[in-house]
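Have a look at the structure below before the remarks.
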Amino acid sequence: MKAIVVVDKNWGIGKDGKLLVHLPGDLKYFKEKTLGKVVVMGRTTLESLPGGEPLKDRINIVLSRKLCDQDGCTLLSSIDSLFEELENYDLDDVFVIGGESIYRELLDHCGTLYVTKICEEFEADKFFPNLDESDEWELVFESEPCTEKGITYKFTEYRRVCGGVLN
């Protein structure tokens with residue numbers, strides 16, 4: 001399983017149920033990585049998507065204790081039911097896309113993380129664990145900086161380190 005996220009300098013990911021900033025280049029990257037794949041998200045992340053609608057051309061799985069009624073999604077209320085459902089898919093095609101609590105619950109099950117790092121800080125109330133302070137993750141790729149709307153960011157990839165060996 002993989003995760004994909006955009007973070008600021010403080011590893012902030014959102015404020016008031018929204019992304020910190022909309023960067024067309026990052027949204028394009030997200031779409032390229034997840035198109036035709038399985039995306040796992042929480043209810044609040046689903047509600048934050050355009051029109052509160054599931055992402056097109058992807059299998060949308062929503063994990064929430066408070067189930068909502070949404071066409072185009074598989075709605076699950078527990079981690080056990082999620083892993084039961086994921087038995088139907090190649091885990092290499094599964095992307096965790098947020099929010100904060102879903103990332104924290106599923107991070108230990110991920111082997112690869114795609115992190116867009118914004119080179120400035122924003123006011124945030126939701127955060128992703130700082131991978132640079134973890135012995136469990138190794139930075140294996142970092143793009144050249146991109147700048148949009150006066151904001152500089154980089155695409156990075158982290159892999160889980162297991163006894164010094166990458167998964």
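Hey, what's the range 10-125 come to in accessible area per residue, 1.4 Å probe, Å²?
On a per-residue basis, the range 10-125 sits at 53 Å².
Lysine pair count for the range 21-150 with Cα-Cα distance under 21 Å and sequence separation of 8 or more or different chains is 13.
A helix-only calculation puts the chain at -5000 deg cm²/dmol for mean residue ellipticity at 222 nm, using -39500 (n - 2.57) for each DSSP H run of at least four residues, averaged over all residues. Taking amide H atoms as placed 1.01 Å from N in the peptide plane, the amide H of R58 lies under 5 Å from those of G36, each 5 or more residues away in sequence or on another chain.
For the range 93-101, putting each phi into the Karplus relation 6.51 cos²θ - 1.76 cosθ + 1.60 with θ = phi - 60° gives couplings of 9, 9, 10, 7, 10, x, x, 3, 5 Hz, in residue order, rounded to whole numbers and with x for Gly and Pro. Structure remark: mean-square fluctuation, Gaussian network model of the chain, C-alpha springs under 10 Å; the largest value among E144, E121, E100 belongs to E144. With the Cα gyration tensor of the range 95-167 giving a ≥ b ≥ c as the square roots of its eigenvalues, does the rule (a/c under 1.5 for rounded; else a/b larger than b/c for prolate; else oblate) give rounded, prolate or oblate? In terms of gyration-tensor shape, oblate.
As a fraction of the 1.4 Å probe accessible area of the chain, surface on carbon and sulfur atoms comes out at 46 percent.
Put a dot 7 Å past the Cα of E142, heading toward its Cβ, do the same for K33, and the two dots end up 1.7 nm apart. Once the chain from I79 to R65 is taken as fully extended at 0.36 nm per residue, the excess over their C-alpha distance is 4.0 nm. Under 5 Å between amide hydrogens, built in the peptide plane, is the criterion, and for W137 it picks out V161 among residues at least 5 positions away or on other chains. The HN-Hα couplings worked out from phi for the range 28-43 by the Karplus form 6.51 cos²θ - 1.76 cosθ + 1.60 (θ = phi - 60°) are 5, 4, 4, 5, 4, 6, 9, 4, x, 10, 9, 10, 10, 8, x, 4 Hz, whole numbers, x standing for Gly and Pro.
Here the relative contact order of the chain, from alpha carbon pairs under 8 Å that lie six or more residues apart, stands at 31 percent.
The values are calculated or read from the model by the stated rules, or taken from the named source; none is laboratory data. Because the structure is predicted, anything quoted here is derived from the model rather than measured. Reconstructed Cβ throughout: ideal geometry from the backbone, glycine too, with neighbour counts over all protein chains shown. Heavy atoms of the whole protein, side chains included, go into the accessibility calculation; ligands, DNA and RNA do not. Shrake-Rupley method; radii C 1.70, N 1.55, O 1.52, S 1.80 Å.
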